[in-house]
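Worksheet: the structure to be examined is printed underneath.
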Amino acid sequence: MKKITITLALAALSIVAINWPAGDSATAMAAVETAKKEEGDKLKCTGKHGRFVLDGKVDWELTGKIFDTVIPCLEGGYAQEIVINSPGGSPTTAHGVYEALRIADTENRLTTTIYGNSHSAAVYVFLAGSERRISCSSTMQIHPVTLTVVASSNDRTELNSFPQRWEKTEERSISILAQRSKLTRDEVRELKLGHRLLSSDEALGHGIATEIIGCDLGS
């Protein structure tokens with residue numbers, strides 16, 4: 001290893017030689033910067049930052065926020081929680097969020113928790129959790145997907161393709177529910193057709209939720 005030699009003359013009486021291995025200072029600085037980055041990532045992903053609150057509609061704005069916060073933390077190995085109280089929203093957006101979260105959560109560190117309601121499209125965000133908790137008084141509504149079609153009188157392509165698009169989206173929602181619960185695909189279809197409003201006990205019984213919380217608060 002090359003060395004840098006610094007020679008100091010002290011009162012012309014003695015000479016002190018300090019040997020400093022070349023490159024060690026650069027290595028030390030790189031280690032410090034790495035430590036700072038790791039500490040910064042930890043602060044971004046722990047404490048209050050480890051909880052993402054979904055208290056509105058499932059839409060594209062939600063997707064951007066989850067990709068900016070929850071997913072990088074999951075990929076970094078940090079536990080995360082998504083707290084849900086939502087009326088629903090776009091099913092296609094919810095399916096995309098579900099898939100992205102499942103891909104990122106390789107170490108099963110994501111918890112989803114319902115306080116209030118998780119209706120319609122919000123159910124699929126809830127299903128992304130490895131641990132899925134629902135508060136005792138919360139409800140969950142499951143129904144066939146609802147899509148919006150926009151078509152002009154001069155271009156009927158969107159309108160003509162709508163039935164197929166709806167069917168594919170509905171089948172995707174059925175697949176997710178069947179994969180993440182105790183229900184068969186036929187049981188999911190029956191549940192959806194009934195526009196069922198599930199209690200926390202029913203959500204747990206179907207395996208949609210894995211735990212009920214808060215039931216002992218009133219005792």
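The values are calculated or read from the model by the stated rules, or taken from the named source; none is laboratory data. Note that the coordinates shown come from a computational prediction; the quantities given were computed from them, not determined experimentally. Backbone-built Cβ (ideal geometry, glycine too); neighbour counts: all protein chains shown. With ligands, DNA and RNA removed, areas are computed over all heavy atoms of the protein, side chains included. Shrake-Rupley method; radii C 1.70, N 1.55, O 1.52, S 1.80 Å.
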Coarse-grained scattering of segment 41-101 at q = 0.13, 0.15, 0.16, 0.24 Å⁻¹, given as base-10 log I(q)/I(0) from a Debye sum over alpha-carbon atoms:
-0.32, -0.42, -0.48, -0.99
Can you give me the Rg/Rh ratio for segment 94-204, using Cα atoms for both radii and the Kirkwood formula for Rh?
1.03
Segment 63-219, accessible surface, carbon-and-sulfur percent (1.4 angstrom probe):
50
Rounded to two decimals, what is the ratio between the C-alpha radius of gyration of segment 70-118 and 2.2 N^0.38 Å?
1.18
For HIS195, HIS95, HIS119, what's the largest-to-smallest order of accessible area, 1.4 Å probe?
HIS195, HIS119, HIS95
Provide ASP59, ASP186 ordered by accessible surface of protein heavy atoms (probe 1.4 Å), highest first.
ASP186, ASP59
Label-point separation (nm) for ILE212 and ALA178, each offset 7 Å from Cα along Cα-to-Cβ?
2.8
How much accessible area per residue does segment 51-173 have, in Å², with a 1.4 Å probe?
48
Inverting the mean 1/r over all pairs of different Cα atoms, compute the Kirkwood radius of segment 47-149 and quote it in Å.
13.4
In this structure, the FRET efficiency calculated for ASP186 and THR63 from their beta-carbon separation, with R0 = 35 Å, to the nearest 0.05, is 0.70
